[in-house]
Structures are given as structure tokens and as C-alpha cells.
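Okay, so here's the structure we're looking at.
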Amino acid sequence: MADRSGRLPSRFSTAFTLTLAVLLVTACGQEPEAPYAHDTTENDEKAPSPDAYVLAPGVYSIESSDGSLYFQMVIEQDGTYLTRDPDGETIVTGRWRDDRGRACFDPSGAKEDNQERCWINSSLSEDGTFTTTGADGSDSYTVRPVAN
């Protein structure tokens with residue numbers, strides 16, 4: 001394909017450039033699929049700090065103010081979650097997302113109390129925990145990432 005100078009013929013480099021451009025435009029034009037749709041107008045008055053802990057798949061212990069286990073949350077890569085009581089029984093399942101330290105949970109079911117709720121995370125403390133506070137400021141918990 002290359003001539004003696006090592007350069008590719010111009011028709012090859014033009015075709016290559018066009019193919020690469022099409023691939024880049026196609027890849028860059030795709031929006032990542034959101035775990036679930038949500039209304040961004042509700043509870044948007046409080047934004048997380050740039051240093052906020054961003055949730056990732058894993059297991060988290062949610063602790064009460066006295067340090068005792070309130071429940072455990074298992075966050076899955078596929079956008080689902082479940083919570084377990086201290087005895088290991090599943091309490092709630094649903095869908096989750098984290099918008100750079102603003103974690104939102106949409107529990108399954110049609111009950112009135114099964115509405116999406118968002119939490120603002122603090123930065124990670126030296127002891128490996130962070131604090132999460134309801135976006136409406138109503139509740140606050142200590143969260144400890146734990147091994148799977």
C-alpha cells in the first residue's frame with residue numbers, strides 16, 4: 001500500500017480519515033443510558049460539594065447516630081439496589097443513580113412512601129465514612145463502605 005517513501009496513497013488516507021471521522025462522530029454523539037428517568041426540578045436546591053463521595057457498586061453500612069447498624073445497602077452495577085436489615089432480611093429494592101455526590105434512590109412499588117429520595121454526600125472522612133443528608137435536609141446518616 002505504501003510507496004517507497006513510506007507514505008500511503010492519498011485515496012487511502014482520505015478514506016481512512018473519513019472512516020475515522022464517522023466513527024468519532026457516531027461514538028461522541030451517543031448519550032449514556034440513564035439508569036432511570038427522573039424529574040430534576042424536585043429537591044435541586046442543594047448541590048453536593050465537588051469533593052462529595054460518589055457512590056459506586058458495592059456494599060454500604062448505614063449507621064445511626066450512636067454508630068449502630070441501621071441497615072445495609074447493596075448497590076449493583078446494573079442500576080439496582082436493595083437494603084437489608086441488621087438480620088440480613090431484604091427491606092427494599094429499587095433503582096439508584098449518583099449524580100456526582102447526589103445519590104438518588106427510587107424504591108420499587110406503588111406505595112406513597114415509595115417515592116424517589118435524593119441524598120447529598122459529604123467527602124470521605126479519615127475513618128473511611130461519609131455523611132449523607134437528605135436533599136431536603138430532613139435526615140442525616142453515617143455511611144461506611146464495606147467489603148463485598
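With Rg and the Kirkwood Rh both taken from Cα atoms, where does Rg over Rh land for region 100-148?
The Rg/Rh ratio comes out at 1.04.
Spin-label point model (7 Å from Cα, Cβ direction): what's the ARG100 to ASP66 distance in nm?
Each label point lies 7 Å from its Cα, and together they span 4.0 nm.
Go through region 52-148 and name the trypsin sites (Lys or Arg not before Pro) that are in a DSSP coil and have 16 or fewer other Cβ atoms within 10 Å of their Cβ.
ARG100, LYS111
With r as the distance between the Cβ atoms of SER49 and SER108 and R0 = 22 Å, compute the FRET efficiency 1/(1 + (r/R0)^6) and round to 0.05.
So, using R0 = 22 Å, E works out to roughly 0.15.
For ARG97, which sequence-distant residues (separation of 5 or more, or a different chain) have an amide H within less than 5 Å of its own amide H, given hydrogens modelled in the peptide plane?
The answer is CYS104.
Ranking GLU76, GLU126, GLU89 by Cβ neighbours within 10 Å, fewest first, what do you get?
Arranged by neighbour count, lowest to highest, GLU76, GLU126, GLU89 become GLU126, GLU89, GLU76.
Could you put TYR53, TYR81 in order, starting from the residue whose Cβ has the fewest other Cβ atoms within 10 Å?
Ranked by crowding around the Cβ, least crowded first: TYR53, TYR81.
None of the figures in this text is laboratory data; all of them are computed from the coordinates on show. All figures in this text were calculated on a predicted structure; none of them were measured in a lab. A quick note on method: Cβ atoms are made from the backbone with ideal geometry, for glycine too, and the neighbour counts reach across all protein chains shown.
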